[in-house]
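Working notes, beginning with the structure itself.
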Amino acid sequence: MSRTDEFTKLRPLLYAIAYRILGETRAAEYAVQAAWLRWMAAPARPASLEGHLAAEVTRIAVRALQSARVARGEVVGPLLADSGPAAPDRPAELSDSLSLSALMVLERLSPLERAVFVLREAFGCGDEQIAAALGCSEEACRQLLAAVATVSDGGREPLPWPTCVAGAGNVARMLAAIVPPLARVGITMDESLVGDRAGWVFRDRDGAVLHALVLDVQDGRAQRLHLVVHPGGHADPVAEACAILREADRAR
């Protein structure tokens, strides 16, 4: 397969990442084109082409966003709060790009839209579940979902929600972005230990399990946030979370 063919196969993913960060079709298309030019000039093929190109388009989109904010006279700080491999200049993996793009969308949405976005993209809830959580009709729910889809993916296929967010600053941003909006629509969080790790189980107004979050803590700071329980009415979400985390630990 030629480089052009490889890039074409990944173009929808790269566009979706760039659009989530930039929020504009033309700017996202520019970022993807710039990533293609860099890929065509690259001397060697990376071990993970998907991760490499996702990182490349993320760097380009982040810098374009920072430049636009400077041009508008806005105060610009780092878009990722942590130094090291996950910083904007060195996003090392596809998961880093997905985490950043999800954060950028959340921070552009209103609180109600954030709740809708998380319930659909992260928790996998259907229209009926989301409408019940919001206390609105399914038609009103569908209108909200359509509006959020336009903001998050520009009418393209939605990106997968990141299952792990790395870095203390990014963990704090993600929690701040999703917990208050969910609480406002009646979603509850039950604190629960998952093995030896702090965790929370999200439940809807009827007590049904939606998802769970688990923290990896090191030196008193949260280093990773895992989204570990998939919807489906699990009888023991904590046991399932433990099993998933064990697999993640083996993979490191």
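Sequence-distant or interchain residues sharing an amide H contact under 5 Å with residue 194, placed H: which?
199
From the phi of every residue in the stretch 126-136, what ³J(HN,Hα) in whole Hz does the Karplus formula 6.51 cos²θ - 1.76 cosθ + 1.60 yield, where θ is phi - 60° and glycine or proline is x?
x, 4, 5, 5, 5, 4, 5, 5, 7, x, 10
Multiplying the sequence separation of residue 138 and residue 205 by 0.36 nm and subtracting their Cα-Cα distance, what value in nm do you get?
Extra length from residue 138 to residue 205 when fully extended: 22.5 nm.
In nm, to one decimal, how far is the modelled label at residue 38 from the one at residue 3, with both set 7 Å along Cα→Cβ?
Those two pseudo-labels are separated by 1.4 nm.
Would you kindly derive the ³J(HN,Hα) couplings of the stretch 53-59 from the backbone phi angles with the Karplus curve 6.51 cos²θ - 1.76 cosθ + 1.60 (θ = phi - 60°), listing them in order in whole Hz, with x for Gly and Pro?
6, 4, 5, 5, 5, 5, 4
Where a number appears in this text, it was derived from the coordinates with a stated rule and is not lab data. Bear in mind that the values here come from a model prediction, so they are computed numbers and not experimental data. Using ideal geometry, Cβ is built from the backbone for each residue, glycine included, and neighbour counts are taken over all protein chains shown.
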